[in-house]
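Notes follow the structure.
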Amino acid sequence: MSFQDIRGQDKSLNLLKGYLQQGTLQGSWLFTGSEGVGKKLAAKEAAKAINCVENNFDACDRCVSCKKINNNSHPDVHILEYQNSEIKIDYIRQLKKDISFKPYEGKKKVFIIDNAHRLNGESSNAFLKILEEPLKDNLIILVSDKPALLFKTIISRCKILKFSVFKREELKEFFKKSYQLDDNAAHFLAYFSEGKLGLALKLKDTDILKKKNAIIDKACYPSPTDLENFAIEDKEEAHGYLNVLASWFRDIYMIKAGMPQGELINFDRKSDLLRSMNLFSFSELNEILNVISNSSLYLDQNINLKLLFYNVTVQMKGCG
């Protein structure tokens with residue numbers, strides 16, 4: 001993979017390649033934008049490009065350096081990935097030690113901190129001290145979709161590179177041309193992901209249309225057996241379940257409000273949406289969407305998932 005394989009980010013990537021060509025890609029950077037738009041991928045490609053043996057401004061994916069970075073085994077490229085926990089001071093202390101050494105075999109040492117907004121107060125202060133020192137042979141890239149949670153003093157010491165989402169129609173066409181998806185599948189991926197390529201690619205091979213329609217049917221037309229045998233135990237799966245339900249009731253709300261039907265997320269079930277829109281008032285739809293939103297927040301607490309989804313389904317009774 002190289003920069004040209006990252007879709008929809010030409011403006012940001014051209015700026016990044018300009019710094020590579022000038023030999024000034026160093027110091028501290030903040031890659032920001034919505035989740036799933038390619039920020040972390042671009043950071044890794046930058047690490048490959050800056051250390052590539054064969055090319056000067058992009059990764060060749062053939063040399064020893066590129067292959068090691070692809071395999072996360074390059075001694076000079078460090079990627080920290082925190083999903084659900086704080087970035088504690090111990091890592092920042094280790095980072096400070098690693099930065100003090102010259103590159104072992106690469107041209108520059110690269111440190112990528114994904115979800116950088118998970119730095120806590122103590123680690124943020126320690127990290128700020130690192131940024132106050134010259135970083136001549138080092139490149140630090142913070143990756144975050146929530147930059148407002150970072151210390152302003154950290155942001156002020158970083159060059160900021162913003163990544164944007166695809167236009168949904170463009171992403172739909174991309175999936176039709178590049179992956180030969182049918183119109184319904186491409187439409188759902190583009191609109192459900194809100195133009196976020198990373199999320200859409202993650203869902204692409206999961207038979208998403210069949211799964212999301214099964215979720216809608218089970219929630220909107222539940223049998224007693226469905227409620228008794230509710231089987232979701234994984235929080236990530238539960239979030240996906242709630243996101244599908246939110247898209248469904250959002251569509252009912254929007255079609256009731258007169259939105260063009262081509263903007264529906266669940267366009268493949270347009271006829272069902274048209275039948276459902278007269279079953280609810282706007283206030284009832286608002287209440288259902290609030291229940292779904294609040295349930296997403298409860299998932300981060302120790303709550304019985306079966307009871308949670310039973311309550312959600314009861315709230316939505318009569319939706320078909």
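The values are calculated or read from the model by the stated rules, or taken from the named source; none is laboratory data. What you see is a predicted model, and the numbers here were worked out from it, not measured in a lab. Every residue, glycine as well, gets a Cβ built from its backbone with ideal geometry; the counts of neighbours run over all protein chains shown. These area figures cover heavy atoms from the full protein model, side chains too; ligands, DNA and RNA do not enter into them. Shrake-Rupley method; radii C 1.70, N 1.55, O 1.52, S 1.80 Å.
What is the local net charge at I69, summed over the other residues whose Cβ is closer than 11 Å to its Cβ (Lys, Arg +1; Asp, Glu -1)?
Net charge in that neighbourhood comes out at +1.
Which order do the peptides 93-104, 176-187, 46-57 come out in when sorted by mean C-beta neighbours inside 10 angstrom, highest first? Each step should come with its number before you reach the end.
Numbers: 93-104: 12.7, 176-187: 15.0, 46-57: 20.2.
Averaged packing, sorted descending, gives the order 46-57, 176-187, 93-104.
Around T24, what is the net charge, scoring Lys/Arg as +1 and Asp/Glu as -1 over all other residues with Cβ under 14 Å from its Cβ?
Values: positive: K17, K107, K108, K136, K159; negative: D137.
With Lys, Arg at +1 and Asp, Glu at -1, the neighbours total +4.
At 222 nm, what value in deg cm²/dmol follows for the chain if DSSP H runs of at least 4 each add -39500 (n - 2.57) and the sum is divided by all its residues, to the nearest 500?
Computed ellipticity for the chain at 222 nm equals -15500 deg cm²/dmol.
What ³J(HN,Hα) values, in whole Hz, does the Karplus curve 6.51 cos²θ - 1.76 cosθ + 1.60 give for region 162-171 when θ = phi - 60°, with x put for Gly and Pro?
Once rounded to whole Hz, the list reads 9, 10, 10, 8, 5, 5, 4, 5, 5, 5.
Can you work out the accessible area per residue across the chain, with the rest of the protein chains kept in place, probe 1.4 Å, in square angstrom? Don't jump to the answer; show the numbers that get you there.
Working: 16770 Å² over 320 residues.
The answer is 52 Å² per residue.
For each pair in K39/K109; K17/K176; K218/K270; K102/K146; K146/K196; K11/K48, compute the distance between the two Cα atoms and list the pairs where it is over 22 Å.
Details: K39/K109 19 Å; K17/K176 29 Å; K218/K270 18 Å; K102/K146 32 Å; K146/K196 15 Å; K11/K48 19 Å.
Flagged as over cut-off: K17/K176; K102/K146.
Probe radius 1.4 Å, ligands and nucleic acids ignored: give me the carbon and sulfur share of the accessible area of the chain as a rounded percent.
Details: 8180 of 16770 Å².
Taking all protein chains in place, the chain shows 49 percent carbon and sulfur surface.
Please list 3J(HN,Hα) in residue order for region 72-77, calculated via the Karplus relation 6.51 cos²θ - 1.76 cosθ + 1.60 where θ = phi - 60°; whole Hz, with x for glycine and proline.
6, 10, 7, x, 10, 10
Starting from region 84-123, pick out the GluC sites (Glu not before Pro) whose DSSP state is loop and whose Cβ has at most 16 other Cβ atoms within 10 Å. Please list the in-between numbers first.
Working: sites: E86, E105, E122; in loops: E86, E105.
When the GluC sites (Glu not before Pro) of region 84-123 are filtered for loop state and at most 16 Cβ neighbours within 10 Å, E86, E105 remain.
What percent does the relative contact order of the chain come to when contacts are Cα pairs within less than 8 Å and at least six residues apart? Display every interim value, and only then the final one.
Numbers: 435 pairs, mean separation 54.6, N = 320.
Worked out over the chain, it gives 17 percent.
Could you work out the pair-distance distribution P(r) of region 125-206 from its alpha-carbon pairs, with 10 angstrom bin width and percents rounded to whole numbers?
Taking all Cα pairs of region 125-206, the binned fractions are 15, 34, 18, 20, 12, 1 percent.
Two decimals is fine: what's Rg over Rh for the chain, C-alpha atoms, Kirkwood radius as Rh? Write out the running numbers ahead of the final one.
Details: Rg = 22.9 Å, Rh = 22.1 Å.
Ratio value, two decimals: 1.04.
Near the amide H of I112, under 5 Å away, which other amide H atoms are found, from residues 5 or more places off or on another chain, if H is placed in the peptide plane?
HN-HN under 5 Å from I112: H78, I79, L80, I141.
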